[in-house]
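Colleague: First the structure, then my questions, so here it is.
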Amino acid sequence: MEYTDSRITVGSRPFSSSSRRPYGNDLAANYGAEDAPFAVTRSLPLAEIAVTEIKVLRPIGRISDPLPRQDAYMIVFELNDVQGLEYWQEGRYVRNINVRAGESIIHDLRREPAVLIDRPLHAIHWFVPKAALNALADEANAPHIHELRYEPGVGASDAIIGHMSVALLPALRAGEQSTQLFVDHVNLAFAAHIAEAYGGVRATPRESKGGLAQWQERQAKDMLLASLTGTTPLASIATACGLSPSHFARAFRNSTGMPPYAWLNRARVERAMVLLGQRNQSLSDIAFECGFVDQSHFTRVFVSHIGQAPGAWRRKLFG
């Protein structure tokens, strides 16, 4: 089965009523916000998963524009407390939303959800089409999802949604400098969590729970090392190995003990250690050559693996 490549982008296209997307600046325009960073993964057939940071600083004082009706869900992770926010579906008032920062709300986009934008808002919006959830159900050899289990306009505490939302914030704000491989991994894991926790999908995979064959592992590692920046989409590597992205990610972890993006980070650090031992390159040059966004990114990842900063490690190496 073939899967299309993933893409990660920073929203810049102006809002268009004739071609509205459920993410990025098109989504932000519904709330009167601007410059909404977003990331899109197209690793599942006929479905894209997107995540957007929405920040409303100057409320528009009216009901938000409903998105075009579609068979998809919007899962909103609140970064601020929201109290008494009017919630509407299909043009009718439903209730007031009262949620704490760190809680999430699920919206069914078939019901044209909208809210009264009369106060500042800050949240992470995950767009998950039902096609993506059912593709994951197919891989798990489980029945398709009819509806997610949730209560409209009511917040719930979900630590996994919270952890994934917070983990993706730096990647969203880094835009095109983000590691696409990491974004793909988190977006697929998010959709899988929604399918299981709210759709009742219980995995009974058709495929073996084992790892990759030797040729698959070699192919995957070669493709990862060919682009230390992490720009090779997860779907491209999975396709080269003859697997679906989610099956590939599980098999790669079984074979190596870590997900692909973590293995790539370790490879970056190992390459950096070689270059640090040669004395003739600056830390910023080494960071660039090893695929890090910048020197501070290089330092954070190096410290997490080695326990000390690259400069300190180099000084210790040469006494």
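Colleague: What is the one condition in (1) over 17 Å from residue 187 (Cβ atoms); (2) free of Cβ contacts under 8 Å to residues at least 12 places away in the same chain that residue 262 does not satisfy?
Modeller: In the conditions (1) over 17 Å from residue 187 (Cβ atoms); (2) free of Cβ contacts under 8 Å to residues at least 12 places away in the same chain, residue 262 misses (1) alone.
Colleague: Specify which of the listed residues (319, 230) is crowded, with 16+ Cβ neighbours inside 10 Å and either at pLDDT below 90 or under 19 Å from residue 186 (Cβ atoms) (or both). Working first, answer last.
Modeller: Details: 319 fails: crowded, with 16+ Cβ neighbours inside 10 Å.
Of the residues listed, the single one that is crowded, with 16+ Cβ neighbours inside 10 Å and either at pLDDT below 90 or under 19 Å from residue 186 (Cβ atoms) (or both) is 230.
Colleague: Give the residue that is nearest to the chain's Cα centre (by Cα), with candidates limited to residues of the range 149-166 that are among the hydroxyl-bearing types (Ser, Thr, Tyr) and closer than 18 Å to residue 79 by Cβ.
Modeller: Taking the range 149-166 and keeping what is among the hydroxyl-bearing types (Ser, Thr, Tyr), we get 150, 157, 165.
Still in the list and also closer than 18 Å to residue 79 by Cβ: 157, 165.
On the way: 157: 19, 165: 8 Å.
Among residues in the range 149-166 that are among the hydroxyl-bearing types (Ser, Thr, Tyr) and closer than 18 Å to residue 79 by Cβ, the one nearest to the chain's Cα centre (by Cα) is 165.
Colleague: So, one more: Could you tell me whether residue 312 is more than 30 Å from residue 45 (Cβ to Cβ), of a type in the set (Gly, Ala, Ser) and free of Cβ contacts under 8 Å to residues at least 12 places away in the same chain?
Modeller: Details: more than 30 Å from residue 45 (Cβ to Cβ): yes; of a type in the set (Gly, Ala, Ser): yes; free of Cβ contacts under 8 Å to residues at least 12 places away in the same chain: yes.
So residue 312 fits the description; yes.
Colleague: OK, next. Within the bounds of the range 204-227, is there any residue that is under 18 Å from residue 44 (Cα atoms), buried (at least 19 other Cβ atoms within 10 Å of the Cβ) and not acidic (Asp, Glu)? Full working, then the answer.
Modeller: Filtering the range 204-227 for residues under 18 Å from residue 44 (Cα atoms) gives 205-207.
Remaining after also requiring buried (at least 19 other Cβ atoms within 10 Å of the Cβ): none.
Taking every residue of the range 204-227 in turn, none turns out to be under 18 Å from residue 44 (Cα atoms), buried (at least 19 other Cβ atoms within 10 Å of the Cβ) and not acidic (Asp, Glu).
Colleague: Pull out all pairs, ordered by first then second residue, where Cβ-Cβ is under 6 Å, the residues are six or more apart or on different chains, the first lies in the range 107-133 and is in a loop (DSSP other than H, G, I, E, B), and the second is open to solvent by 10 Å² or more (accessible area, probe 1.4 Å) and small (Gly, Ala, Ser).
Modeller: 118/61
Colleague: Quick test for you: out of 293, 301, pick the one residue that is under 27 Å from the mean Cα position of the chain (by Cα), among the aliphatic types (A, V, I, L, M) and open to solvent by 30 Å² or more (accessible area, probe 1.4 Å).
Modeller: Numbers: 301 fails: open to solvent by 30 Å² or more (accessible area, probe 1.4 Å).
Every option except 293 fails the conditions.
Colleague: Can you name the residue in the range 92-118 that is out of contact with any strand residue (DSSP E or B) (no Cβ under 7 Å at 6 or more places or on another chain) and more than 27 Å from residue 48 (Cα to Cα) and is also least open to solvent (accessible area, probe 1.4 Å) among such residues?
Modeller: Taking the candidates together, the pick is 118.
Colleague: Looking only at the range 116-168, how many residues end up being among the small types (Gly, Ala, Ser) and in contact with a helix residue (DSSP H, G or I) (Cβ under 7 Å, 6 or more places away or on another chain)?
Modeller: So the answer is 3.
Colleague: Give the residues of the range 23-38 that are farther than 16 Å from residue 62 by Cβ, assigned to a loop (DSSP other than H, G, I, E, B) and at pLDDT 90 or above, sorted by residue number. Don't jump to the end; show me each part of the working.
Modeller: At the first step, the residues of the range 23-38 found to be farther than 16 Å from residue 62 by Cβ are 23-27, 34-38.
Narrowing further to those that are assigned to a loop (DSSP other than H, G, I, E, B): 23, 34-36.
The answer is 23, 36.
Colleague: In addition: Can you give me the number of residues within the range 265-283 that are free of Cβ contacts under 8 Å to residues at least 40 places away in the same chain, touching a Phe, Trp or Tyr at 6+ places or on another chain (Cβ under 9 Å) and open to solvent by less than 60 Å² (accessible area, probe 1.4 Å)?
Modeller: Let us first name the residues in the range 265-283 that are free of Cβ contacts under 8 Å to residues at least 40 places away in the same chain, namely 266, 269-270, 272, 274-275, 278-283.
When the remaining residues are screened for being touching a Phe, Trp or Tyr at 6+ places or on another chain (Cβ under 9 Å), the result is 269, 272, 279, 283.
From what's left, open to solvent by less than 60 Å² (accessible area, probe 1.4 Å): 269, 272, 283.
Here the count works out to 3.
Colleague: Now a separate question. Are any of the residues in the range 5-15 among the basic types (Lys, Arg), modelled with pLDDT under 90, assigned to a loop (DSSP other than H, G, I, E, B) and open to solvent by less than 60 Å² (accessible area, probe 1.4 Å)?
Modeller: Start the filter on the range 5-15 by keeping residues that are among the basic types (Lys, Arg), which leaves 7, 13.
Then drop every residue that is not modelled with pLDDT under 90, which leaves 7, 13.
Checking the rest, the ones that are also assigned to a loop (DSSP other than H, G, I, E, B) come to 13.
Imposing the further condition that a residue be open to solvent by less than 60 Å² (accessible area, probe 1.4 Å) reduces the set to none.
No, the range 5-15 contains no residue that is among the basic types (Lys, Arg), modelled with pLDDT under 90, assigned to a loop (DSSP other than H, G, I, E, B) and open to solvent by less than 60 Å² (accessible area, probe 1.4 Å).
Colleague: Could you tell me whether any residue of the range 160-176 is open to solvent by 10 Å² or more (accessible area, probe 1.4 Å), of a type in the set (S, T, N, Q) and in contact (Cβ under 8 Å) with a residue 40 or more places away in the chain?
Modeller: Checking the range 160-176: not a single residue is open to solvent by 10 Å² or more (accessible area, probe 1.4 Å), of a type in the set (S, T, N, Q) and in contact (Cβ under 8 Å) with a residue 40 or more places away in the chain.
Colleague: Would you confirm whether any residue within the range 258-269 is of a type in the set (D, E, K, R) and within 25 Å of residue 317 (Cα to Cα)?
Modeller: First, the residues of the range 258-269 that are of a type in the set (D, E, K, R): 266, 268.
Among the residues that remain, those that are also within 25 Å of residue 317 (Cα to Cα) are: 266, 268.
Within the range 258-269, one or more residues are of a type in the set (D, E, K, R) and within 25 Å of residue 317 (Cα to Cα).
Colleague: Right, another one. Pairs needed: first member in the range 79-104, without any contact (Cβ under 8 Å) to a residue 12 or more places away in the chain; second member anywhere, acidic (Asp, Glu) and open to solvent by 50 Å² or more (accessible area, probe 1.4 Å); C-beta distance under 7 Å; at least 6 residues apart or different chains.
Modeller: Here the result reads 93/86, each pair linking the range 79-104 to a residue that is acidic (Asp, Glu) and open to solvent by 50 Å² or more (accessible area, probe 1.4 Å).
Colleague: Filter the range 17-67 for residues that are touching a helix residue (DSSP H, G or I) at 6+ places or on another chain (Cβ under 7 Å) and polar (S, T, N, Q); which is surrounded by the fewest Cβ atoms within 10 Å (Cβ to Cβ)?
Modeller: It comes out as 64.
The values are calculated or read from the model by the stated rules, or taken from the named source; none is laboratory data. None of the values given here were measured: they were computed from a predicted structure. Glycine gets a Cβ as well: all are built from the backbone with ideal geometry, and neighbour counts include every protein chain shown. Calculation scope for accessible area: heavy atoms of the full protein, side chains included, ligands and nucleic acids excluded. Shrake-Rupley method; radii C 1.70, N 1.55, O 1.52, S 1.80 Å.
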